[in-house]
Amino acid sequence: MITIKDIAEMANVSRSTVSRVLNDSGYVSEDARKRVESVVKETGYAPSEYAKSLRTKKTKVIGVILPTIQTETPSRIVTGLGRELSKHGYQILLANTDHDKEKELEYLDLLKVRQVDGIVLIATNADAKLMKKIKEINIPIVVIGQEAEDVIHVTYDDYRAVRELTRLFIQKGHEKIAFIGVDESDRAVGYYRKKGFLDEMAAQGLSVEKTWVQKAIFDIASGHEAMGEILKYANKPTATIAVTDRLAIGAMSYLKEQGLEIPTDMAIAGIGASEMSQYMEPPLTTVDYQNEKAGEEGAKQILASIESRPFQEKLVMDYRLIIRGSV
């Protein structure tokens, strides 16, 4: 097995010079660099990542904590993270919480023990317990999806996006609009999206019946059930906004079971620009949050933090409204 010592002897340089060339650190004359690179190429030498981590005190691994592996949003974020991190020689270690807040805390501790260089948390909450733990573990961290004070975070413009979506329905003549949300402990999806809806309705002088606002969970069946609750009462809405595409798709299935036409009897929109949304009948109006780009930006910020370079503590991603046949 070829070692650094062998490379040094063959290139007629010191072992420290070989190390500087391999790690791209420190001064090396152009002539010496070319000799080392030539020997490395001829021998096919590949340095041990474990040995390299001992020298640099870096594992070149980023831990990623995600809430679920069953939906497209975290998958797209991880795709963006992986694309950017791989350019810099980093690998990803995934941990799935399955929407369990206690597991978030456990995985933060576990990843620290695994000596990852940094952690990206795709968060569904930003409660005090979680924020306290993040600040205790003393590892570079980026939070994606939630605002996090004094922590690098990448968020979406949830409030403005839902106000614009609500305004679209109103411009199309709808005054009775329902809303399918999630628990407000999820500040981004549960609180800010609902607030955007309610504020736009109030700004337009439109009232919202209590029965038109339903709380669900992050799955299709829950959207189906929520739409059933909305239509139980005599004063029925003519449009519905769901905070995720999966909830909207569940609501659409209920409408079809009841023989109701979309959008004639009920217009509907979701959020997330899921692949499935464009193949619904009719195709689902939705909001694209550009999740892969959010992952790329999160990766850039955590690399900057690891390497002690300037970083942006807060990034708010843009969005685009995709108007389709469901409205």
Test: residue in segment 175-182 that is at pLDDT below 95 and surrounded by fewer than 18 Cβ atoms within 10 Å (Cβ to Cβ): no
Inter-residue pairs, beta-carbon under 7 Å, first within 30 Å of Lys5 (Cα to Cα) and at pLDDT 90 or above and in segment 43-69, second assigned to a loop (DSSP other than H, G, I, E, B) and not β-branched (Val, Ile, Thr), 6+ apart: Lys60/Gly89; Lys60/Tyr90; Lys60/Asp117; Val61/Tyr90; Val61/Asp117
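So, in segment 75-92, of the ones that are in contact (Cβ under 8 Å) with a residue 60 or more places away in the chain and touching a strand residue (DSSP E or B) at 6+ places or on another chain (Cβ under 7 Å), which residue ends up farthest from Thr155 (Cα to Cα)? Please lay out each step first, then the result.
Within segment 75-92, the first condition is being in contact (Cβ under 8 Å) with a residue 60 or more places away in the chain, and the residues that meet it are 76-85, 88, 90.
Right, trim to touching a strand residue (DSSP E or B) at 6+ places or on another chain (Cβ under 7 Å) and you get 77-78, 81-82, 85, 90.
Details: Ile77: 12, Val78: 15, Leu81: 15, Gly82: 18, Leu85: 19, Tyr90: 23 Å.
Looking at residues that are in contact (Cβ under 8 Å) with a residue 60 or more places away in the chain and touching a strand residue (DSSP E or B) at 6+ places or on another chain (Cβ under 7 Å), I get Tyr90.
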Of the criteria (1) more than 22 Å from the chain's Cα centre (by Cα); (2) surrounded by fewer than 16 Cβ atoms within 10 Å (Cβ to Cβ); (3) closer than 26 Å to Thr155 by Cβ, which one Val213 fails: (2)
Selection count where residues are over 19 Å from Gly272 (Cβ atoms) and out of contact with any strand residue (DSSP E or B) (no Cβ under 6 Å at 6 or more places or on another chain), scope segment 168-193: 7
Residue within segment 195-203 that is in the same structural domain as Thr240 (by TED's automatic domain parsing) and closer than 18 Å to Asp245 by Cβ present: yes
Pairs where the first residue, in segment 93-106, is outside the structural domain of Phe218 (by TED's automatic domain parsing) and the second is modelled with pLDDT under 90 and assigned to a loop (DSSP other than H, G, I, E, B), C-beta under 6 Å, 6+ apart: Asn96/Ile69
Residues of segment 284-327 that turn out to be surrounded by fewer than 15 Cβ atoms within 10 Å (Cβ to Cβ) and more than 21 Å from Phe197 (Cβ to Cβ), as a count: 8
Odd one out for Thr166 among (1) hydroxyl-bearing (Ser, Thr, Tyr); (2) in the same structural domain as Val78 (by TED's automatic domain parsing); (3) over 15 Å from the mean Cα position of the chain (by Cα): (2)
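The values are calculated or read from the model by the stated rules, or taken from the named source; none is laboratory data. Bear in mind that the values here come from a model prediction, so they are computed numbers and not experimental data. So basically every Cβ, Gly included, is an ideal-geometry build from the backbone, and we count neighbours across all protein chains shown.
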